[in-house]
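Below: the structure, in structure tokens.
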Number of protein chains: 2
Amino acid sequence: MPRFRTYCPSLAAEGETFQLDAFESRHLVTTNRARSGDEAIAFDGKGMECACRIVEADNRNSRLKKLTCARLVRKGTKITLAQAVTKGKTMDSIVRRATELGAFRIQPLISRRIQVRLKNLPRKLDKWKQQCIEACKQSGNGWLPHLSAPVPLERFLANLDFDLTLLASLRERPTPWQNLDPGPATCALIIGPEGDFSTEEYELLHNSGAVGVSLGDHILRSETAAVSALALATQFLDYQTKSPPA
Amino acid sequence: MPRFRTYCPSLAAEGETFQLDAFESRHLVTTNRARSGDEAIAFDGKGMECACRIVEADNRNSRLKKLTCARLVRKGTKITLAQAVTKGKTMDSIVRRATELGAFRIQPLISRRIQVRLKNLPRKLDKWKQQCIEACKQSGNGWLPHLSAPVPLERFLANLDFDLTLLASLRERPTPWQNLDPGPATCALIIGPEGDFSTEEYELLHNSGAVGVSLGDHILRSETAAVSALALATQFLDYQTKSPPA
């Protein structure tokens, strides 16, 4: 498999030979040291991937030629990580890890105890998107997560539209993971802020029908919680149904 | 519950009133701003925890008075995270997250493709131990993981002494998590380096009887892999056996 992966959102509409934008060109040529003649995989983040030949390795205008193209089929539960916004680098890291783990959507939540000011939101969303792209390149994930603008918890809960909504919590008596019905088409996974949700917020969560699940007996940092919850949800909701008996 | 947690390895041998070392005193008083009269939980990392009153909050010689003490009972599978050493901060972070998730032991592995030079090992081990202590304080975990000095993969495999040895891998046809026999007393969880194990190393792993498990379809960074694997092993090996039916 080619060592290089590069992002081209317009891949499906491009002809046989196409040009990468300046950012991707630089990443491919300067950071990853790809050269003309090397093979690379171009992906559009929407499930299309093409094995390509690098026709011209240029750190502003690289050109690639499609060799073979494939459309990936998305399998399993579409999981939305609904994550209370954390401080700068931690949120960047959560976005990356969620992408590695194949989250379908990332929905940042504004809750009472988030310790972050959401100024310059377009720039933040742009930065998070860049984290998603990087993680797609490194992990081989062909699907860029949908990245939604932060919304207040109340508004998120008022518009819940998932087959299953899970809440990682130390407070409630959790439902064992293996008791969840496997195979929902969509699932939201709600992760609180470092200072946890407030009592009023817990009441809202309760009333919205969110199902409490456990991530163990300790108080986890947001990043540990998000990764654990995504790994567990993926295995218990998806793979559980598909695996053959021993 | 008191907001403050402080580490005192000699807790069990101390009398009713005891003194914290300079490091813990400073952390309690300067970093966490605890004051005389406040309550704090002291723990020894070996399962003993005492609710205490801070008699003297001093940033070098704080003194605490035991109010009530308890011995925790360790439940579930003792999981050893056998982690190929990663670069500086990533390894620190893995050690912290493994502590949050209740790993019994952390065994750094030296494999062919680790991109790290293990110079000044005592200092490194000291730093990792400090990460464990910090994570115990923040997460409420009363058990400090055993922290072993790095060993070559070969030597680790030659002395395997676990009821179950799991290998997180994209290479092999994985055994589904739910097909693992739950409830082993001990389990090792082997996580490779960023560049993966070599073919020869995979052969060694195979011959040692390590069972391949999946963390999904993508190539995960070491930290994502370690957290995912620990969360999954804990849930599938431990909790699965204990949960009542729906």
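The numbers here are math on the coordinates, done by the rules we state, and not lab data. Since the structure is predicted, the reported quantities are computational estimates derived from the model, not experimental observations. Cβ atoms come from the backbone with ideal geometry, glycine included; neighbour counts cover every protein chain shown.
How would you rank B:Thr224, A:Thr17, going from fewest to most other Cβ atoms within 10 Å of each one's own Cβ?
By the 10 Å Cβ count, ascending, the order reads A:Thr17, B:Thr224.
So what are the ³J(HN,Hα) numbers for region B:36-43, from phi and the Karplus equation (6.51, -1.76, 1.60; θ = phi - 60°), rounded to whole Hz, Gly and Pro as x?
Ordered by residue, 3J(HN,Hα) equals 3, x, 5, 8, 8, 9, 9, 9 Hz.
Under the definition of Cα pairs under 8 Å and six or more residues apart, what whole-number percent is the relative contact order of chain B?
19 percent
Could you check how many percent of all C-alpha pairs in chain A are farther apart than 29 Å?
36 percent
Can you compute 3J(HN,Hα) from phi for each residue in region A:69-78, using the Karplus curve 6.51 cos²θ - 1.76 cosθ + 1.60 with θ = phi - 60°, rounded to whole Hz and x for Gly and Pro?
10, 9, 9, 6, 9, 6, 10, x, 5, 7
Could you bin all the Cα-Cα distances of the protein assembly as shown into 10 Å bins starting at 0 and give me the percent of pairs in each, rounded to whole numbers?
For the protein assembly as shown, the binned pair fractions read 4, 18, 26, 27, 17, 6, 2, 0 percent.
Find every distance from the label point of B:Asp163 to the corresponding label point in the other copies (7 Å from Cα along Cα→Cβ) and write them in nm, one decimal, shortest first.
Its label point is 3.4 nm from the equivalent points in the other copies.
Mind checking the dipole of chain A: about its Cα centre, +1 per Lys or Arg Cβ, -1 per Asp or Glu Cβ, Debye to the nearest 20?
Around 760 debye, computed over chain A.
Which of B:Leu189, B:Ala135, B:Ser169 sits closest to the plus end of the dipole of region B:113-230, meaning its Cα is farthest towards the positive end, when Lys and Arg get +1 and Asp and Glu get -1 on the C-beta?
B:Ala135
Could you pull the copy-to-copy label distances for B:Arg33, with points set 7 Å along Cα to Cβ, in nm to one decimal and sorted shortest first?
5.0
Taking the DSSP beta bridges in chain A as the whole, what percent of them are antiparallel, to the nearest 5?
40 percent
Report, in whole Å, the centroid distance computed from the Cα atoms of region A:41-95 and region B:169-186.
30 Å
For B:Ala13, place a label point 7 Å out from Cα along the Cα→Cβ vector, do the same in each other copy, and report the separations in nm, one decimal, smallest first.
Label-point distances to the other copies, shortest first: 7.3 nm.
Quick one: what does P(r) look like for region B:56-148 with 10 Å bins over all Cα pairs, in whole %?
Cα pair-distance distribution for region B:56-148, in percent: 15, 40, 28, 14, 3, 0.
Using modelled amide H (1.01 Å from N, peptide plane; none on Pro or chain starts), what sits under 5 Å from the amide H of B:Ala82, excluding residues fewer than 5 places away?
The list, which skips near neighbours in sequence, is B:Gln107, B:Leu189, B:Ile190, B:Ile191.
Please work out how much length the chain gains when fully extended from B:Gln115 to B:Arg33, using 0.36 nm per residue of separation minus the C-alpha to C-alpha distance, in nm with one decimal.
Fully extending the segment from B:Gln115 to B:Arg33 adds 25.6 nm.
Output wanted: per-residue J couplings in Hz (rounded whole) for region B:194-200, from phi through Karplus 6.51 cos²θ - 1.76 cosθ + 1.60, θ = phi - 60°, x for Gly and Pro.
Working through the residues one at a time gives 4, x, 6, 6, 7, 4, 5 Hz.
When the dipole is taken about the Cα centre of region A:60-103, and only Lys, Arg (+1) and Asp, Glu (-1) are charged at their Cβ, what size is it in debye, to the nearest 20?
The dipole magnitude comes to about 340 debye.
In terms of the ratio Rg/(2.2 N^0.38 Å) built on C-alpha atoms, what value belongs to region B:154-246?
1.09
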